[in-house]
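The structure appears below as structure tokens.
The values are calculated or read from the model by the stated rules, or taken from the named source; none is laboratory data. What you see is a predicted model; the values in this text were computed from it and never measured. As a convention, Cβ positions derive from the backbone with ideal geometry for all residues, glycine included, and neighbour counts pool all protein chains shown.
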Amino acid sequence: MINYTRHFRTRHAARCLLNGGVVAYPTEAVWGLGCDPENHYAVAKILALKGRDVDKGLILIGSDIAMFEPYLTSTSLEQQQRMSSTWPGPVTWLVPNNGLAPDWITGGQPSVAIRVTAHPVAAALSHLAGRPIVSTSANPQGLPAALSLTKIKAYFGNNLDAIASGLTGGTNKPSEIRDLLSGEIKRAG
């Protein structure tokens, strides 16, 4: 069992996130940037920091599948079992957007990208926030994803509201993205 309240920095980062902040945290592969997906201002700040177009959409991560139940109302039990067989882990699923995810998360697409993370710090951040959080690689568009705290500071300086400490999985590979309806792999992991 993961001790979600062990690290002061993770608890602080979760509070910042819930108050509209942008936080950096380690994931299975690289450092990520996150925020409350319901806070349009915070999402816009992440997109500005990265120089990323809103039309690309963003991934949501959670500490367990139960966090995504509101997003899964238009999926079958078989589809949910297919997703849960890959979780927790570095597989992101595109599921039909039932209208719950706003355009600033979906990029105006008919699906939303979700993943149950296996990384203890990322999972703790989501758990302490009590909801799924935005997860996007911590790098300006076109530059390599950050693999260290030093690189986070070089990329973003003092423009982040908090940093949850920890080590990444260090693979430098993004999560695999699969389409739930077609089964197609949209991005190899």
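Quick notes
- Qualifying position, being of a type outside the set (Phe, Trp, Tyr), farther than 15 Å from VAL134 by Cβ, surrounded by 15 or more Cβ atoms within 10 Å (Cβ to Cβ) and at pLDDT below 95, among THR10, THR86, THR5: THR10
- Wholly within segment 59-154, strands (runs of 3 or more DSSP E) carrying at least 2 residues that are in contact (Cβ under 8 Å) with a residue 12 or more places away in the chain and farther than 18 Å from CYS35 by Cβ: 91-96, 111-116
To keep it simple, each residue is scored yes or no on (1) under 24 Å from PHE68 (Cβ atoms); (2) at pLDDT 90 or above; (3) of a type in the set (Lys, Arg); (4) surrounded by 19 or more Cβ atoms within 10 Å (Cβ to Cβ).
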| site | (1), (2), (3), (4) |
| --- | --- |
| LEU128 | yes, yes, no, yes |
| ILE133 | yes, yes, no, yes |
| THR136 | yes, yes, no, yes |
| LEU149 | no, no, no, no |
| SER165 | no, no, no, no |
| LYS173 | yes, no, yes, no |
| SER182 | yes, yes, no, no |
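- Taken over segment 39-58, residues that are outside any loop (DSSP other than H, G, I, E, B) and closer than 24 Å to LEU180 by Cβ amount to 4.
- Hits in segment 152-163 - residues which are more than 18 Å from the chain's Cα centre (by Cα) and either at pLDDT below 95 or surrounded by fewer than 13 Cβ atoms within 10 Å (Cβ to Cβ) (or both): LYS153, ALA154, GLY157, ASN158, ASN159
- Looking across segment 29-45 at every residue that is buried (at least 20 other Cβ atoms within 10 Å of the Cβ) and in contact with a Lys or Arg (Cβ under 9 Å, 6 or more places away or on another chain), the one that is modelled with the lowest pLDDT is identified as ALA29.
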